[in-house]
Amino acid sequence: MPIDWIRELLALSVILLAGASVFYAVVRSPERYARLERVAYCYPLGMAALGIPMFLLSWAGYHLNVATIAGISLGGLMVARLARGVPLANFWLARGEPDTRQRFTEFEWVLLAIIIVCLASRLVTSMLAPLNDNDGIAEWGFKAKILYYDTLKTTDYYYRAEFGFSNQTYPLLWPFMYAWMCTVLGKWDDLGMLILNPVNVIVFGILLYYTGRRYVVRPVALGITAIMVSLPALLHYAECGQADVPLMLMAGATFFCLFDWMQTRRLDAVLLASILMAGVLFLKVQGAVVFCAYGAVAALSAWSGNRRKNFQQLVIFVVVALGLMLPWYIFARRITNWNSGSDHVSIATIRWADLGPALLYVAEDGLRFYNSIHLPKWNILFPTLVLAMAISKSAWQKPWCFILPACILQSAAIILIYIAAPEPLSLGSGREFGWERDMLVILAPLWLLLAKCADEQWRIWNNTENESRKEDREKRSKTAISRI
């Protein structure tokens, strides 16, 4: 209904407003970001900024309330305006980089059409069916419904063993976002709240394009974005209601800011990354893996240049991210893990004999076109990625050489977790689909690396093409002169 669409836009606007407060308060040089890129960053920043206040209010016994949450967002922007003293219009309307006013070629229009069609299809399909995915219902929708009708102070959810199937120890950012959408809608609506799912993909696509555009030519940035939004696995999981696609967005936005910091050592870049990392940690327990992997490569990069200053800024990154998460960590200490499938997983339970088969599965998974239930997966993405890194120098130069280790560290940690759990990582097991979702998060920084490798080959081809055209012109000129 039209009124529901208006309310959904209102709910999204409040999230954007909260993120705008953070972006405006932190960033000192808005011209470094394209205008649309600034707005895109507001969405994940807004989720991170609202998640903890929503959690604290619920813990105190207050239900989610439209006026309260909107007031927090608007109040944050007013405080930031008074503190910064920079006119809002000047900040948000300042011309940004890169300059994209040059007219599109026919090839670029085709790429843009692919992007729009893929994103539009996710928007339509996400609004056709209510929440129906098993994990989406058990782990995210179920908690969201509790937070919509009840509060963390009054619910007995965390004290009942029969709810162990829903992983009570999981963080609550995504359930709070679902509950927030339903609060604005004025009813529990497990169809209307799914508008968040395609928004995640749209925002990640915008951030990937503009981040890539800083380092690569426009056709390559558009091409990589088109490949990302058309990836079959992403098209499926974007509409299933789980938290992996929003985690992909949060992790990707965090890495993009960290990557900027690796080159510029700007404090505002690392501050943005720290706030986004808090959102990563509050989204899923796997966020801890992302935190450790990204933190490790950031520390590795900090050895270049002014080490003292670099590590001081990294300390800020860690302290802010963990500090924002402190209320949840205090609350989580009270939670009993009733999930029998994960209560005894530790380093001691790792089945080292299964490491080889697990690694073999991962290698094979990258080459499969379909999973065990015949859904398409990766197409030829991973062979293309391996080939691109093998023939390009960019992948091994700083700071691009830090991207692959971040993804390898994530993959290694997740594989070890899988072989420490009772269920094997193999075709047809539940872990197969878990690995697919985890891979979407691992891929977030790799899209940037693929763009850089493709840009290197594009420039080589373009130079060769230009030289060939120059030689043809010279030959035609000599022929014309000889005739004269």
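For every residue, the table says whether it meets (1) surrounded by 24 or more Cβ atoms within 10 Å (Cβ to Cβ); (2) touching an Asp or Glu at 6+ places or on another chain (Cβ under 9 Å); (3) not aromatic (Phe, Trp, Tyr).
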| site | (1), (2), (3) |
| --- | --- |
| ILE227 | no, no, yes |
| SER230 | no, no, yes |
| CYS240 | no, yes, yes |
| MET250 | yes, no, yes |
| PHE256 | yes, no, no |
| GLN263 | no, no, yes |
| LEU276 | yes, no, yes |
| ALA288 | no, no, yes |
| CYS292 | no, no, yes |
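Determine, yes or no, whether ILE195 is in a helix (DSSP H, G or I), modelled with pLDDT of 95 or more and either surrounded by fewer than 24 Cβ atoms within 10 Å (Cβ to Cβ) or of a type in the set (S, T, N, Q) (or both). Answer is no for this residue. For ARG122, are the conditions met, namely being more than 25 Å from the chain's Cα centre (by Cα), surrounded by 15 or more Cβ atoms within 10 Å (Cβ to Cβ), part of a helix (DSSP H, G or I) and modelled with pLDDT under 90? Here the answer is no, as ARG122 does not meet what is asked. Within segment 368-405, the set of residues being closer than 20 Å to GLU432 by Cβ and under 20 Å from the mean Cα position of the chain (by Cα) comprises LYS377, TRP378, LEU381, PHE382. Among the residues of segment 304-335, those that are farther than 19 Å from PHE255 by Cβ and either touching a Pro at 6+ places or on another chain (Cβ under 9 Å) or not in a helix (DSSP H, G or I) (or both) comprise GLY305, ASN306, TRP328, ALA332, ARG333, ARG334, ILE335.
Is there a residue being among the hydroxyl-bearing types (Ser, Thr, Tyr), more than 25 Å from LEU322 (Cβ to Cβ) and touching a residue at least 12 places away in the same chain (Cβ under 8 Å) anywhere in segment 241-254? No, there is no match, as no residue in segment 241-254 is among the hydroxyl-bearing types (Ser, Thr, Tyr), more than 25 Å from LEU322 (Cβ to Cβ) and touching a residue at least 12 places away in the same chain (Cβ under 8 Å).
Going by the conditions given, is GLY205 small (Gly, Ala, Ser) and in contact with a Cys (Cβ under 8 Å, 6 or more places away or on another chain)?
no
Residues of segment 125-145 that are surrounded by fewer than 22 Cβ atoms within 10 Å (Cβ to Cβ), more than 21 Å from the chain's Cα centre (by Cα) and assigned to a helix (DSSP H, G or I): ASN134, ILE137, ALA138, PHE142, LYS145. Cβ separations smaller than 7 Å between residues 6+ apart or across chains give the following pairs from segment 333-349 residues that are modelled with pLDDT of 75 or more to residues that are charged (D, E, K, R): ASN337/ASP343. Taking segment 154-181 as the range and being hydrophobic (A, V, I, L, M, F, W, C) and surrounded by fewer than 22 Cβ atoms within 10 Å (Cβ to Cβ) as the test, the residues that pass are ALA161, PHE163, PHE165.
For segment 159-169, the condition of being touching a helix residue (DSSP H, G or I) at 6+ places or on another chain (Cβ under 8 Å), among the aromatic types (Phe, Trp, Tyr), in a helix (DSSP H, G or I) and modelled with pLDDT under 90 holds for at least one residue.
Tell me, yes or no, whether segment 73-88 has at least one residue that is surrounded by 11 or more Cβ atoms within 10 Å (Cβ to Cβ) and in contact with a Pro (Cβ under 7 Å, 6 or more places away or on another chain). Checked against the condition, which is being surrounded by 11 or more Cβ atoms within 10 Å (Cβ to Cβ) and in contact with a Pro (Cβ under 7 Å, 6 or more places away or on another chain), segment 73-88 yields no hits at all. Only one of the listed residues (LEU425, LEU409, LEU404, LEU449) is modelled with pLDDT of 90 or more, surrounded by 21 or more Cβ atoms within 10 Å (Cβ to Cβ), of a type outside the set (Gly, Ala, Ser) and out of contact with any Gly (no Cβ under 8 Å at 6 or more places or on another chain). That residue is LEU449. Each residue in segment 410-438 was checked for being assigned to a helix (DSSP H, G or I), among the acidic types (Asp, Glu) and either at positive phi or in contact with a helix residue (DSSP H, G or I) (Cβ under 7 Å, 6 or more places away or on another chain) (or both), and 2 of them qualify.
Among the helices (runs of 4 or more DSSP H) confined to segment 1-93, the ones with at least 1 residues that are of a type in the set (S, T, N, Q) and in contact with an Asp or Glu (Cβ under 9 Å, 6 or more places away or on another chain) are located at 35-59.
The values are calculated or read from the model by the stated rules, or taken from the named source; none is laboratory data. All of these numbers come straight from a predicted model, not from anything done at the bench. Every residue, glycine among them, receives a Cβ derived from its backbone with ideal geometry; neighbour counts consider all protein chains shown.
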